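Below: the structure, in structure tokens.
The values are calculated or read from the model by the stated rules, or taken from the named source; none is laboratory data. Keep in mind that what you see is a predicted model, and the values were worked out from it rather than measured. Neighbour counts are summed over all protein chains in view; Cβ atoms, including those assigned to glycine, are modelled from backbone coordinates with ideal geometry. Just so you know, the surface numbers come from the protein's heavy atoms only, side chains and all, with ligands and any DNA or RNA stripped out. Shrake-Rupley method; radii C 1.70, N 1.55, O 1.52, S 1.80 Å.
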Amino acid sequence: GDSSVALQAQEEIIEMKDVFSVKLKRRRFAGQQKGGTLLGITIFKCLHKEENKLTDCAIHLNNLSEDHCQSWFRHLKEILNGFQNRPKSLKVFVNPSSHKREATDIYYEKVAPLFKLADIKTDVTVTEYEGHALSVLKECELQAFDGVVCVGGDGSVSEVAHGLLLRAQIDAGKDTEYVSKPVRAPVPLGVIPAGTTNILAHTLYGIKHAVTAALHIVMGHIQAVDVCTFSTPRKLLRFGFSAMFGFGARTLALAERHRWMPSSQRKDFAFIKTLADLRPEECELSFLPLQILQDDTHEKDSVTLLYLGSKDQWQKIQGHFLNVSIMAIPCLCSMAPRGLAPNTRLNNGSMALIVVQNTSRTEFIKHLKRYTTAKNQFNFPFVETYTVQEVKVQPRLKSGPDAKENVCLSAEGNYPWNIDGDLMKEASEVHVRVHPQLIDLYGVNTDDLESSQVTCNCI
């Protein structure tokens, strides 16, 4: 440089576990695709910001030597290729109908550029109908991919997760009609939030932010997560993470009947209308509880779950319930920052059973409003919570003069269920079981990635 300018060396440490791409930097003329004057290399880093948000930033290292830059480029690429969990090929499903029909724009404008920058090959399917992703997953060559990504809302994610696990049972030669001990999903699942509530994305990332979700996938942050099976005595209904019966299911059923409304409007309408017509469901709940003991020999916050698996330890309650929630994950969302089931975890092998008994509309609204605050939403005499391994829900169909009140039932006499934001209808008993760590999800930063450091003298 100019001898009259005093230059000071500044040293910066870059953790290679935070780097996801390195490129040669060249000056090119407009329209020029290849070649150009070499300027140096650029390192692309994942930067942690406030509120669990991730963003990407570029660090430019200037040097005009072709040999020097090529040497550094090859060495840094070798380090990046050594991170085993980072995907190199992804199968992507985009639901163009999610929320405000913005999923396609979110993927191609915010997510795809990051995948391309990280040299991740993608095979994209834009779904055209409900069940499209499921049918593709049954047929595609999953071994060609390191992971599967879903861009959509909770219903889309639930369908892809179900398809992945169903495919795992088929490949393992298991009976898909009755699944007692399912095998794990073969590849991890990534979630790009593009829906209304995005419960699974909020639970994984703590925020609804497409770039954050994409960077967790790019960086290979993987967390094993518990999954539930929802079955009747005759067949498997669904793999899923959470379900609601009663108020939460009837609200979804009403919203689905008003698909002609904009997404947010129909959900607000359905919520208010179902609240105005609030009434309980008569059913019998049987559940197998888990005993939770504090483990003093390990870390302070650790707990030991003891499975009480004998048949004679099943508990049974019967009555009129406004809502029944069964959740294997905390189910965070913007309306419930602490989660719909804040006392459970992603992979502790248990489910939260939350039972809201019949009460007045005013008291029920108080319970719902507490989800938005830091107060205990379960501290009401009509709310009971249990930590369980299995649950059976047996609705009691009314007869006699009150039978006409069963307006929530379909023409076939099926009760609505809200399973991960997806509507299902079933007339018979539903059996829910939790299966520990059945699927890997991108999103939670594990500490088992090898870390390397590069010291850069930036002048």
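Couple of notes before you dig in:
- The residues on offer are PHE269, PHE239, PHE230, and the sole one that is among the aromatic types (Phe, Trp, Tyr), outside any loop (DSSP other than H, G, I, E, B), open to solvent by 30 Å² or more (accessible area, probe 1.4 Å) and touching a Leu at 6+ places or on another chain (Cβ under 9 Å) is PHE269.
- Taking the criterion of being under 21 Å from ASN85 (Cα atoms) and either over 17 Å from the mean Cα position of the chain (by Cα) or not in a helix (DSSP H, G or I) (or both), the residues of region 156-187 that qualify are ALA168, VAL183, ARG184, ALA185, PRO186, VAL187.
- Among the residues of region 211-224, just one is surrounded by fewer than 21 Cβ atoms within 10 Å (Cβ to Cβ) and in a helix (DSSP H, G or I), namely VAL211.
- Residue-level check: of (1) touching a Gly at 6+ places or on another chain (Cβ under 7 Å); (2) open to solvent by 30 Å² or more (accessible area, probe 1.4 Å), CYS331 misses just (2).
- Any hit, region 435-456, residues being at pLDDT 90 or above and in contact with an Asp or Glu (Cβ under 6 Å, 6 or more places away or on another chain): yes
- In region 283-298, of all residues being at pLDDT 60 or above and of a type in the set (S, T, N, Q), the one that is surrounded by the fewest Cβ atoms within 10 Å (Cβ to Cβ) corresponds to GLN291.
- Selection within region 334-383: residues that are among the small types (Gly, Ala, Ser) and touching a strand residue (DSSP E or B) at 6+ places or on another chain (Cβ under 9 Å). The member of this set that is nearest to ILE439 (Cα to Cα) is GLY349.
- Residue within region 59-74 that is surrounded by 17 or more Cβ atoms within 10 Å (Cβ to Cβ), touching a residue at least 12 places away in the same chain (Cβ under 8 Å), among the hydrophobic types (A, V, I, L, M, F, W, C) and in contact with a helix residue (DSSP H, G or I) (Cβ under 7 Å, 6 or more places away or on another chain) present: no
- For region 117-124, the count of residues that are among the polar types (S, T, N, Q) and more than 22 Å from MET424 (Cβ to Cβ) is at least one.
- Lone unmet requirement of (1) under 14 Å from the mean Cα position of the chain (by Cα); (2) surrounded by fewer than 23 Cβ atoms within 10 Å (Cβ to Cβ); (3) of a type in the set (Val, Ile, Thr) for VAL124: (1)
- Only residues that are surrounded by 20 or more Cβ atoms within 10 Å (Cβ to Cβ) and β-branched (Val, Ile, Thr) were counted across region 355-392, and they come to 5.
- Checked against the criterion of being open to solvent by less than 10 Å² (accessible area, probe 1.4 Å) and of a type in the set (S, T, N, Q), region 181-197 has no qualifying residue.
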